[in-house]
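I have placed the structure first, in the form of structure tokens, so that the comments after it can refer back to it.
The values are calculated or read from the model by the stated rules, or taken from the named source; none is laboratory data. Worth saying up front: this structure is predicted, and the values here are computed from it rather than measured. When we count neighbours, we look across all protein chains shown, and the Cβ atoms used for this are built from the backbone with ideal geometry, even at glycine.
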Amino acid sequence: MFSEIVQAEGHLVDSQILSKIMDRVIECGAAFEVLDFYLGRTNEEISRLKMRVNANSQETLEKTLEELIELGCYENEIANATTQSAEADRVVPDDFYSTTNHRTSIRYQGQWMDVAKQRMDAVIVVSEKDGQPYAECRKLRDVRQGERIVCGAHGVRIQPEFKERDRLGFAFMANDISSERRTETAVRKIAELMKQVKAEENGKIVFVAGPVVIHTGGTKPFSEIIRKGYVHALLAGNALAVHDIEHALYGTSLGVDLEHGVPMEEGHKNHMRAINSINRYGSIAGAVEAGILKYGVMYECVKRGVPFVLAGSIRDDGPLPDTEMDLVKAQEKYAEQLVGAKMVICLSSMLHSIGVGNMTPSWVRMVCVDINPAVVTKLSDRGSAQTVGVVTDVGAFLTLLAQHL
């Protein structure tokens with residue numbers, strides 16, 4: 001029998017982490033024995049667990065420990081993290097530690113050291129900064145030969161986000177994803193949290209939006225939200241900007257008159273006309289300065305100095321001159337705008353929302369709004385467990401949100 005003693009602490013019961021720890025041990029083919037458990041007696045007091053993990057082989061034990069690390073467990077006898085050199089650019093040892101989006105620290109030279117630039121699906125690179133040991137998350141593509149990579153789970157400690165204890169009544173929405181909740185109640189609580197975030201020092205709210213915002217009539221309320229100062233960065237694809245500009249110039253989106261809901265004659269080419277107009281002035285900002293673009297989401301971003309990133313894809317028409325068609329550069333620009341974000345709101349854009357979720361630490365509040373419950377569920381299932389879902393029409397959501405703000 002091979003065994004190891006692990007510990008965990010925090011709001012283990014109401015966050016359901018205790019049951020997840022026990023389930024994970026069994027799923028890995030090992031067994032657990034609770035040696036000590038202290039239940040927090042107040043709203044603020046944390047609980048503590050000390051548990052022995054038993055396995056029939058060292059391999060099963062190591063696998064189980066790696067799984068438990070992700071749930072916030074740490075070994076009773078703490079060792080330094082193991083590091084190995086990257087054998088080539090973009091190539092790391094096979095047993096590299098793959099990061100989560102939770103706060104992470106590593107044991108290095110006998111001291112705990114926080115890991116910077118937290119994000120999921122990265123490796124941890126250990127180096128020096130200003131003469132001091134330094135650790136950060138790094139995408140595989142950015143690793144260089146000879147850099148020290150953390151391998152295995154020894155000496156790694158994670159602090160998962162515990163269930164919020166009803167801050168502004170917001171926690172009630174995080175339990176399930178359902179279209180049966182009253183949307184207005186959810187919007188009111190989201191608006192309250194946005195006001196609180198905006199009032200904080202360096203409070204930053206980032207929006208991720210798809211073209212459905214325009215199709216469903218969300219242009220006016222979203223523009224109002226931008227004017228009120230609740231949008232500090234906008235992350236989107238080429239399509240959002242194209243259809244927003246099409247609507248501003250011709251009153252249509254995908255050739256459909258949004259006021260009357262009917263296709264316009266030759267409306268199918270309006271989005272190409274919109275791209276052509278922006279091309280004439282070199283950029284969206286150029287069209288605004290020339291007085292050609294006078295309305296809409298992109299207009300408000302330019303006028304209010306709100307930074308935006310448009311990430312291109314293979315399906316894009318045009319694209320607009322502002323659209324970044326180099327995917328790696330687009331990812332990097334997204335990540336730059338997410339630095340310091342306190343809240344991220346995703347509006348009907350599955351792929352962009354999942355991409356942003358991968359870049360966002362778990363302590364950042366995320367709200368995902370979509371008419372399709374599967375989109376909200378998928379974002380949460382891919383690791384962004386802090387996501388609160390609102391299943392509703394995004395145009396109606398934005399209208400209500402603008403009213404409450």
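Can you find even one residue in region 386-404 that is of a type outside the set (D, E) and within 24 Å of D142 (Cβ to Cβ)? Write out each step before concluding.
Kept after step one, since they are of a type outside the set (D, E), are these residues of region 386-404: 386-392, 394-404.
Those still in the list that are within 24 Å of D142 (Cβ to Cβ) too: none.
The answer is no; no qualifying residue exists.
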- Is there any pair linking a residue in region 390-401 that is touching a residue at least 24 places away in the same chain (Cβ under 8 Å) and assigned by TED's automatic domain parsing to the domain that holds P211 to one that is part of a helix (DSSP H, G or I) and of a type in the set (D, E), with Cβ under 8 Å and at least six apart or on different chains, and which? L400/E184
- Item | Members of region 122-143 that are among the β-branched types (V, I, T) and part of a loop (DSSP other than H, G, I, E, B) | V143
- Item | Per-region count, region 51-70, residues surrounded by 16 or more Cβ atoms within 10 Å (Cβ to Cβ) and either more than 17 Å from I106 (Cβ to Cβ) or among the β-branched types (V, I, T) (or both) | 11
- Message: Being in a strand (DSSP E or B), of a type outside the set (F, W, Y) and in contact with a Lys or Arg (Cβ under 8 Å, 6 or more places away or on another chain) narrows it down to one residue among L68, L35, L49; which is it?
- Response: L35
- Query: So which of R315, R280 is modelled with pLDDT under 95, among the basic types (K, R) and more than 26 Å from Y230 (Cα to Cα)?
  - Reply: R315
- Kindly indicate whether V356 is crowded, with 19+ Cβ neighbours inside 10 Å, free of Cβ contacts under 8 Å to residues at least 60 places away in the same chain and either assigned by TED's automatic domain parsing to the domain that holds R227 or within 20 Å of A236 (Cα to Cα) (or both). no
- Quickly run through region 149-193 and pick out the residues that are surrounded by fewer than 18 Cβ atoms within 10 Å (Cβ to Cβ), farther than 20 Å from T100 by Cβ, modelled with pLDDT of 65 or more and in contact with a strand residue (DSSP E or B) (Cβ under 8 Å, 6 or more places away or on another chain). T183
